[in-house]
Amino acid sequence: MKLSVTSVCIPDLDLAETCRLLSNLGYDGVEWRVRYAAEQSESYSVWGTHKSGLSPANLAERAEEVRTITEDHGLGVAAVASNLRADELDDIRLLAEGVARIGAIPVRIDPPKPYDRTAPYGEVFDLAVDAYGKALDILSEYGLRALVEIHGGRITVSASLAYRLVSNFPADRIGVIYDVNNMTKDGFETFRMGM
């Protein structure tokens with residue numbers, strides 16, 4: 001089994017510092033957080049500004065740097081943790097261009113709309129299937145695969161609901177991040193059955 005860490009939880013380290021830490025701790029890989037920060041700040045936070053500063057807009061120009069630093073520390077890239085929604089097609093294309101320059105790495109893509117009960121689940125689900133279909137077409141041009149996370153407040157709060165969404169597409173184009181922590185808060189299912 002290989003172990004990796006998401007850089008989401010290490011906001012105050014740059015690329016080299018992150019890789020040095022993970023390598024020294026014996027990890028095999030990293031999931032790079034690549035997203036736009038809601039607000040740029042001089043202080044770093046998990047969901048805010050990150051010292052690594054990777055975003056869909058700059059990943060293509062920084063891809064060689066990311067690939068080289070990661071490999072130089074003996075690490076692989078497990079995935080890319082974006083917070084792009086499946087209907088943000090222009091940004092998905094930017095992200096795909098950057099990711100493809102690093103390698104054939106899966107990319108986390110969120111549903112286009114949260115499930116907050118302002119619209120019926122079926123309507124939100126149909127919107128997601130349509131949006132993911134378009135997003136997957138873009139990702140497949142670059143040889144990339146999407147990942148959907150089991151996550152609260154979305155239409156994928158459990159393994160079975162995530163499966164319901166991804167089963168609309170070929171398995172080589174989309175997968176599921178089995179997030180046990182998120183399932184303890186919302187969408188709990190028996191873990192063995194879920195796996």
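Every read-out reported here was derived from the displayed coordinates using simple, explicitly stated rules and does not represent laboratory data. Because the structure is a prediction, the values reported are computed rather than measured. Quick reminder, even Gly has a Cβ in these numbers, built from the backbone with ideal geometry, and neighbours come from all protein chains shown.
For the chain, the relative contact order is 16 percent, taking Cα pairs closer than 8 Å that sit 6 or more residues apart in sequence and dividing their mean separation by the residue count. Here residue 2 is the anchor, and the lysines within straight C-alpha reach of less than 29 Å, apart from those fewer than 8 places off in the same chain, are 51, 185.
Over region 114-195, consider all pairs of different Cα atoms and compute the Kirkwood hydrodynamic radius from their mean reciprocal separation; express it in Å, one decimal. Don't jump to the answer; show the numbers that get you there.
Working: mean 1/r = 0.0761 Å⁻¹.
One over the average 1/r among Cα pairs gives 13.1 Å for region 114-195.
Take each peptide in 148-154, 121-127, 18-24, count the other Cβ atoms within 10 Å of every residue, and average; sorted highest first, the result is 148-154, 18-24, 121-127.
Taking 60, 171, 159 in turn, the Gaussian network model of the chain (Cα-Cα springs below 10 Å) assigns the largest fluctuation to 171. Across the alpha-carbon atoms of the chain, the computed radius of gyration and Dmax are 16.5, 49 angstrom. In a simple Cβ point-charge model (Lys, Arg +1; Asp, Glu -1; nothing else charged), region 1-81 has a dipole of about 220 debye relative to its Cα centre.
Relative to the present Cα-Cα distance, how much length would full extension add between residue 36 and residue 89 at 0.36 nm per residue of separation?
On the way: separation 53, 0.36 × 53 = 19.08 nm, distance 1.47 nm.
Stretched out fully, the residue 36 to residue 89 stretch lengthens by 17.6 nm.
A simple charge model with +1 on the Cβ of Lys and Arg, -1 on the Cβ of Asp and Glu and nothing else charged puts the dipole of region 93-166 at about 160 debye relative to its Cα centre. For the chain, the longest principal axis of the alpha carbon atoms and the long axis of helix 89-102 meet at an angle near 40°. Comparing 66, 3, 23 along the charge dipole axis of region 1-81, the residue lying farthest to the positive side is 3, per the Cβ-charge model. Seen against the Cα atoms of the chain and their longest principal axis, helix 59-72 is set at about 60 degrees.
Of the GluC sites (Glu not before Pro) found in region 13-112, those in coil by DSSP whose Cβ has at most 12 other Cβ atoms within 10 Å are 39, 42. With the highest mean first, a sort of the peptides 134-141, 76-83 on other beta-carbon atoms found within 10 angstrom per residue produces 76-83, 134-141.
Our estimate of slack between residue 20 and residue 117, defined as 0.36 nm per intervening residue step minus the Cα-Cα distance, is 30.5 nm.
Selection among 143, 166, 80 by position relative to the dipole of region 59-181 gives 166 as farthest towards the positive end (Cβ unit charges, Cα centre). Relative to the dominant Cα principal axis of the chain, helix 15-24 is inclined by about 90°. What dipole magnitude, in Debye to the nearest 20, does region 1-141 give about its Cα centre under +1 on Lys/Arg Cβ and -1 on Asp/Glu Cβ? Charge dipole of region 1-141: 300 debye, to the nearest 20. Dividing the Cα radius of gyration of region 1-81 by 2.2 N^0.38 Å, with N the residue count, gives 1.02. Taking R0 as 35 Å, what FRET efficiency do you get between residue 57 and residue 190 from their Cβ-Cβ distance, rounded to the nearest 0.05? Approximately 0.25, to the nearest 0.05. Proximity of backbone amide H atoms, modeled 1.01 Å from N, is registered between residue 76 and 29, 30 at under 5 Å, excluding neighbours fewer than 5 places apart on the same chain.
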